[in-house]
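Just below is one structure, and these are the notes that go with it.
The values are calculated or read from the model by the stated rules, or taken from the named source; none is laboratory data. Quantities reported herein were computed from a predicted structural model and do not represent experimental measurements. Positions of Cβ are backbone-derived with ideal geometry, glycine not excepted, and every protein chain shown enters the neighbour counts. Just so you know, the surface numbers come from the protein's heavy atoms only, side chains and all, with ligands and any DNA or RNA stripped out. Shrake-Rupley method; radii C 1.70, N 1.55, O 1.52, S 1.80 Å.
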Amino acid sequence: FPSHDNSWGRLGRTAKNLFSCEDIEIAMIACDLGLGKGIFRDLKFTHLIPAEKMTEEFLFRNAYGNGYSYTIHNWLRFGSLPKKKDLFGKIKEKLRLFRMSKRARGKYLAEQKGIRAAILTLEKNKL
């Protein structure tokens, strides 16, 4: 079970970092235990989002945290890292970036920066 590994403490939000995936791992552990998860179509709620979370800066910080968290989570849970792009993949990425809006490009680049930071963290800690 992954829960015995303190590396899982890297996931989850703090005042400083917008890391995530701890909720995904809770659902996966429930399935591992034979409990499961569900979708409740009739459940309705209002999600109040503060104005400071509606900025481009927050969007980019959140994208960075998601990229970082998904990479750490996939490594700890499945032992997999994102595949490195070959030359063709790098060219396709550049073309895709060129076609994106400024905001979408910024979000994508922030997520990629988070992925690279997570890989460096894993290498540094020899996980």
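Descriptive notes on the structure:
- Its residue count N fixes a reference of 2.2 N^0.38 Å for the chain, and the Cα radius of gyration divided by that reference is 1.22.
- In summary, the lysines within cross-link reach of residue 53, defined as a Cα separation below 23 angstrom excluding same-chain residues under 8 places away, comprise 16, 44, 102, 107, 113.
- The chain: most fluctuating residue of 23, 32, 42 per GNM, C-alpha cutoff 10 Å: 42
- Span-rule helices in the chain, defined as complete DSSP H runs reaching 24 Å or more along the axis (Cα) with Kyte mean at least -1.0: 56-78, 102-124
- Remark: the chain carries 77 Å² of accessible area per residue (probe radius 1.4 Å; ligands, DNA and RNA excluded).
- Net charge dipole size for the range 22-127 [Lys, Arg +1 and Asp, Glu -1 on Cβ; Debye, nearest 20]: 760 debye
- Approximate spin-label separation residue 101-residue 125, in nm, with each point projected 7 Å along Cα-to-Cβ: 3.6 nm
- Simple point charges give the picture: +1 on the Cβ of Lys and Arg, -1 on the Cβ of Asp and Glu, and for the range 1-84 a dipole about the Cα centre of about 180 debye.
- Top of 44, 85, 113 by mean-square fluctuation, Gaussian network on the chain, Cα under 10 Å: 44
- Protein accessible area in the range 1-105, 1.4 Å probe - carbon and sulfur %: 59 percent
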